[in-house]
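**Student:** Here it is: the structure, laid out below.
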Amino acid sequence: MFIKRNVKKCLSLLFLFSVVLSNQCFSTSVTINGVNVLAGDEVKDAVKLDPYWRFSIGDNTDWANPDFDYSKWDSVYMPLTIEEFFEYKFKGNLWLRNKFVITETNLKRNYSFLIKQYGASEIYIDGKLVHQLGKVSNSLAGEEFYNPQNFPISFSVGSSGTHTIAIRFSNHVFLSDAMDESYLEAFNFQIVTEESAVLVNKLKIFKASIMYAVGFGLFLALGVLNFVLFLFYKRDKTNLLYSIFCVALSVTFIFQVIRSNTAVAGTEVMMDRLIMLFSFTSNFFLLSLVFSFVYEKMPKRLWVVLGLSLIGICLIIPESDIANTIENFVSIYSAIDIVVVILVTYFKRYDPTKKKRRWVLIILTSLVLIACLGLFIHKAISLIAFLILVFIVVLPVAGFIFVVPVYMAVRHARSFAVTNKSLEEQLEQVKELSAKTIEQEQEKKRMLETQNEMLEEQVQERTSELAEKNLEITDSINYARRIQRAILTSKEEINESLKQCFVLFKPKDIVSGDFYFYAKKENTVMIAAADCTGHGVPGALMSMIGCEKLIGAVSESTEPSVILNTLNRGIKSSLRQSDKEESTRDGMDIAFTSINLETNFVQYAGANRPIWIIRNGTKEVEEIKATKKAIGGFTSDDQHFDQHTIQFNTGDTFYLFSDGYADQFGSNGKKLMTKKFREILLEIQNLPMDLQEKHLDDFIESWKKEVEQVDDILVIGVRV
């Protein structure tokens with residue numbers, strides 16, 4: 001245990017190579033009346049306590065009795081660490097006992113406890129409870145944590161001589177794995193004079209507040225300054241690296257302040273982890289900064305440091321001890337690497353004979369050997385050797401950290417000066433070239449003006465020709481529209497058989513790929529809504545072929561399924577469609593109905609287009625889905641289309657339609673969608689059919705406003 005503690009202290013001294021890298025400060029030493037009262041976290045004064053306390057696991061209030069025999073209790077070294085809880089099989093409660101002597105000379109002096117704990121405790125002197133810190137309990141639920149953080153707690157004794165001190169302590173949160181930081185001191189206790197305690201508290205405030213505040217302000221200012229320099233001169237990444245380093249370092253000072261003033265163990269643990277996180281960050285970016293000055297390409301060992309840092313960051317929460325070890329290693333390695341890089345760079349330039357570097361190597365090797373041997377001979381020797389090593393490392397690293405901003409500013413100034421001089425020379429050359437360029441540009445301008453005049457004449461001629469051709473094409477398409485309209489049955493003829501019926505037909509272009517079909521045989525009326533592939537002229541050609549094939553199909557049968565099958569074979573035959581890749585894939589979707597005017601039976605078959613039915617007096621849309629196959633294209637010649645027979649009552653309404661209405665984009669950039677189309681039809685059910693047509697027409701025009709119509713629109717409504 002003794003060797004382990006001293007090794008840890010010596011490594012900690014080496015770890016203090018730089019305030020910025022380790023985020024630690026050297027402890028202050030103060031002397032009062034010839035007595036050293038503060039060295040690190042230990043205070044020494046007239047009251048002497050045996051560093052080895054007697055302890056017992058468990059809880060018994062009789063153990064506070066000054067006459068209680070505790071000679072068989074085990075011994076433990078103060079301060080007691082959480083790591084030792086594991087060794088002594090801690091169960092949540094323990095008692096500590098010790099003795100101290102107050103002489104007649106010191107009886108008149110006032111004394112204070114300096115206590116740092118993670119848990120709750122009760123302090124008994126000569127069997128009398130003098131202080132309670134938190135609430136000691138035998139369970140986690142009743143326990144209240146309190147950490148006085150070495151804040152002076154005054155007490156007095158009534159007589160000189162030997163006094164017994166007993167401490168009742170509990171820490172059940174340790175058993176619940178809420179604290180896994182084995183390096184934390186679970187309990188530390190000292191007795192000092194009141195003046196020493198006050199001085200300790202003042203020094204603590206100075207260290208935690210003033211020093212950390214200065215560090216925070218200084219490095220935050222450096223970070224902001226260098227980041228601003230980076231924004232103005234982004235080619236130089238060193239400013240960015242240094243600014244990240246400074247900001248990460250400044251944040252650790254804030255966490256140090258919180259850590260030093262908190263009374264909650266969990267908060268200190270969290271601050272330690274955050275300090276560790278930003279220590280990894282500051283180490284990596286400082287090392288990157290040094291390498292960027294020396295190497296054109298970052299060496300591979302930097303990425304090894306990055307990998308170790310990332311592993312350490314990932315282990316901060318689950319395995320903080322391992323992460324702390326990795327962080328210590330990375331910090332020490334980074335400092336050594338920085339010093340080595342600085343020395344190597346210096347020696348390459350100023351030590352061509354290699355005499356200086358040989359002496360430096362000898363001195364450093366000797367100090368390391370002395371420090372290592374000192375661990376086994378005398379810790380003072382090891383301490384002195386390690387302090388010398390630390391200062392050898394700290395001076396160049398710390399100097400480098402503070403000189404870097406000045407160095408980079410000088411480098412930027414020199415760079416700007418060289419650039420300005422070069423720009424002045426180039427400006428003179430530019431003036432000479434500008435005069436020649438202006439003359440050449442004027443000549444080009446004259447040539448371009450002449451060419452523009454010729455081009456304008458040619459454009460006017462071509463525009464006139466295109467206008468004539470466009471007029472011819474438009475006249476042809478308008479004539480095709482007349483032919484298409486002539487083929488389609490007039491609405492008046494449809495209304496002779498279907499009194500309550502409307503057809504909303506809005507082509508996207510002059511001619512349409514959507515078309516409606518009407519035919520009558522005796523007491524049977526057939527009406528259909530078809531949507532051909534494409535729109536405009538190609539769609540119109542398909543619609544005319546479709547009309548022709550439907551006329552032939554209805555002459556043979558009034559069964560919608562048979563008619564669609566005949567239509568499918570006719571389309572594929574007319575377009576010579578087969579399974580070969582070069583054949584066309586054009587076709588159509590269609591909803592076809594056959595209405596018996598005497599019985600009100602409606603037969604329906606569809607190819608990708610459904611029929612919607614709204615019964616009289618209801619508020620829902622009944623949908624009969626179509627067969628999921630198109631007419632023509634890839635559909636086989638013997639494709640069967642499902643046929644449905646529907647009984648309609650007076651006042652029932654059905655709708656056939658293409659997809660153009662629901663797919664229309666509005667001024668808000670969104671499609672109308674099928675759901676909204678259903679809602680509109682339900683809203684207008686009580687209106688006559690001619691007013692339904694007008695409402696649908698007005699709504700779609702209001703919906704799209706200035707937006708171009710995206711497809712042909714066809715909606716057929718029939719009320720039985």
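The values are calculated or read from the model by the stated rules, or taken from the named source; none is laboratory data. Computed from a predicted structure; not experimentally measured. Cβ coordinates were reconstructed from backbone atoms using ideal geometry, including for glycine residues, and neighbour counts include every protein chain displayed.
**Student:** Taking the criterion of being in contact with a helix residue (DSSP H, G or I) (Cβ under 7 Å, 6 or more places away or on another chain), under 27 Å from residue 349 (Cβ atoms) and surrounded by 20 or more Cβ atoms within 10 Å (Cβ to Cβ), would at least one residue in region 252-265 satisfy it? Give the steps one after another, and end with the answer.
**Tutor:** Of region 252-265, the ones in contact with a helix residue (DSSP H, G or I) (Cβ under 7 Å, 6 or more places away or on another chain) are 252-262.
If we keep only those that are under 27 Å from residue 349 (Cβ atoms) as well, we get none.
For region 252-265, residues in contact with a helix residue (DSSP H, G or I) (Cβ under 7 Å, 6 or more places away or on another chain), under 27 Å from residue 349 (Cβ atoms) and surrounded by 20 or more Cβ atoms within 10 Å (Cβ to Cβ): absent.
**Student:** Hey, could you check region 212-224 for residues that are aliphatic (A, V, I, L, M) and buried (at least 16 other Cβ atoms within 10 Å of the Cβ) and say which is farthest from residue 292 (Cα to Cα)?
**Tutor:** Filtering region 212-224 down to residues aliphatic (A, V, I, L, M) leaves 213-214, 218, 220-222, 224.
Right, trim to buried (at least 16 other Cβ atoms within 10 Å of the Cβ) and you get 220, 222.
Numbers: 220: 22, 222: 19 Å.
So, considering only residues that are aliphatic (A, V, I, L, M) and buried (at least 16 other Cβ atoms within 10 Å of the Cβ), the one farthest from residue 292 (Cα to Cα) is 220.
**Student:** Here's something else I'd like to know. Looking at (1) under 16 Å from residue 681 (Cβ atoms); (2) polar (S, T, N, Q); (3) touching a residue at least 24 places away in the same chain (Cβ under 8 Å), which is the one condition that is false for residue 618?
**Tutor:** Single failed check for residue 618: (3).
**Student:** Need a quick list: strands (runs of 3 or more DSSP E) entirely within region 594-654 having at least 1 residues that are surrounded by fewer than 16 Cβ atoms within 10 Å (Cβ to Cβ) and in the same structural domain as residue 497 (by TED's automatic domain parsing).
**Tutor:** Working: elements: 601-607, 611-614, 622-624, 643-647.
In region 594-654, the matching strands (runs of 3 or more DSSP E) lie at 601-607, 622-624, 643-647.
**Student:** Okay, moving on. Residue 3 fails exactly one of the following numbered conditions: (1) in contact with a helix residue (DSSP H, G or I) (Cβ under 9 Å, 6 or more places away or on another chain); (2) at pLDDT 50 or above; (3) exposed (fewer than 12 other Cβ atoms within 10 Å of the Cβ). What is the number of that condition?
**Tutor:** Failing condition for residue 3: (2).
**Student:** Now, a different point. With 65, 93, 98 as the choices, which residue is among the polar types (S, T, N, Q) and surrounded by fewer than 17 Cβ atoms within 10 Å (Cβ to Cβ)? I'd like the intermediate steps shown before the answer.
**Tutor:** On the way: 93 fails: surrounded by fewer than 17 Cβ atoms within 10 Å (Cβ to Cβ); 98 fails: surrounded by fewer than 17 Cβ atoms within 10 Å (Cβ to Cβ).
Selected residue: 65, the only one of 65, 93, 98 that is among the polar types (S, T, N, Q) and surrounded by fewer than 17 Cβ atoms within 10 Å (Cβ to Cβ).
**Student:** Hand me the list of strands (runs of 3 or more DSSP E) wholly inside region 492-574 holding 1 or more residues that are surrounded by fewer than 19 Cβ atoms within 10 Å (Cβ to Cβ) and without any contact (Cβ under 8 Å) to a residue 60 or more places away in the chain.
**Tutor:** Working: elements: 501-506, 514-521, 524-532.
Hits in region 492-574: 514-521.
**Student:** For residue 515, work out the one condition from (1) in the same structural domain as residue 594 (by TED's automatic domain parsing); (2) more than 59 Å from the chain's Cα centre (by Cα) it doesn't fulfil.
**Tutor:** For residue 515, the exception is condition (2).
**Student:** What do you reckon, is residue 175 more than 30 Å from residue 102 (Cβ to Cβ) and at pLDDT 75 or above? Talk me through it step by step, then tell me what you get.
**Tutor:** Working: more than 30 Å from residue 102 (Cβ to Cβ): yes; at pLDDT 75 or above: no.
No; evaluated as a whole, the condition is false for this residue.
**Student:** Now for a separate question. Would you please name the residue that is modelled with the highest pLDDT, looking only at residues in region 314-339 that are surrounded by fewer than 19 Cβ atoms within 10 Å (Cβ to Cβ), under 14 Å from residue 283 (Cα atoms) and among the hydrophobic types (A, V, I, L, M, F, W, C)?
**Tutor:** 329
**Student:** Scan region 612-648 for residues that are among the hydrophobic types (A, V, I, L, M, F, W, C), over 14 Å from residue 568 (Cα atoms) and within 49 Å of the chain's Cα centre (by Cα) and jot them down.
**Tutor:** Applying the first criterion (among the hydrophobic types (A, V, I, L, M, F, W, C)) to region 612-648 yields 612-614, 621, 624, 626, 630-631, 634, 641, 646, 648.
From what is left, the residues that are over 14 Å from residue 568 (Cα atoms) are 612-614, 621, 624, 626, 646, 648.
The answer is 612, 621, 624, 626.
**Student:** Considering only residues that are assigned to a loop (DSSP other than H, G, I, E, B), of a type outside the set (Phe, Trp, Tyr) and touching a residue at least 40 places away in the same chain (Cβ under 8 Å), which ones fall in region 655-668?
**Tutor:** Taking region 655-668 and keeping what is assigned to a loop (DSSP other than H, G, I, E, B), we get 658-664, 666-668.
Narrowing further to those that are of a type outside the set (Phe, Trp, Tyr): 658-660, 662-664, 666-668.
Selection gives 658, 659, 660, 663, 664, 666, 667.
**Student:** Another question about this same structure. Inspect region 669-679 for any residue being surrounded by fewer than 19 Cβ atoms within 10 Å (Cβ to Cβ), of a type in the set (S, T, N, Q) and either in contact with a Ser or Thr (Cβ under 8 Å, 6 or more places away or on another chain) or assigned to a loop (DSSP other than H, G, I, E, B) (or both) and give the result as yes or no.
**Tutor:** Checked against the condition, which is being surrounded by fewer than 19 Cβ atoms within 10 Å (Cβ to Cβ), of a type in the set (S, T, N, Q) and either in contact with a Ser or Thr (Cβ under 8 Å, 6 or more places away or on another chain) or assigned to a loop (DSSP other than H, G, I, E, B) (or both), region 669-679 yields no hits at all.
**Student:** Pick out the one residue from 275, 311 that is surrounded by fewer than 19 Cβ atoms within 10 Å (Cβ to Cβ), assigned to a helix (DSSP H, G or I) and of a type in the set (A, V, I, L, M). Quick ask: steps written out before the conclusion?
**Tutor:** Numbers: 275 fails: surrounded by fewer than 19 Cβ atoms within 10 Å (Cβ to Cβ).
Criteria check complete, one pass: 311.
Matching residues to (1) over 47 Å from the mean Cα position of the chain (by Cα); (2) free of Cβ contacts under 8 Å to residues at least 40 places away in the same chain:
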site: 676; (1), (2): no, yes
site: 686; (1), (2): yes, yes
site: 691; (1), (2): yes, yes
site: 703; (1), (2): no, yes
site: 707; (1), (2): no, no
site: 711; (1), (2): no, no
site: 716; (1), (2): yes, no
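**Student:** Cβ contacts < 9 Å: first residue without any contact (Cβ under 8 Å) to a residue 60 or more places away in the chain and at negative phi, restricted to region 280-295; second residue of a type in the set (Phe, Trp, Tyr) and in a helix (DSSP H, G or I), any location; separation 6+ or different chain. Result?
**Tutor:** Cβ pairs passing all conditions: 281/245; 284/245; 285/242; 285/245; 287/333; 288/245; 293/407.
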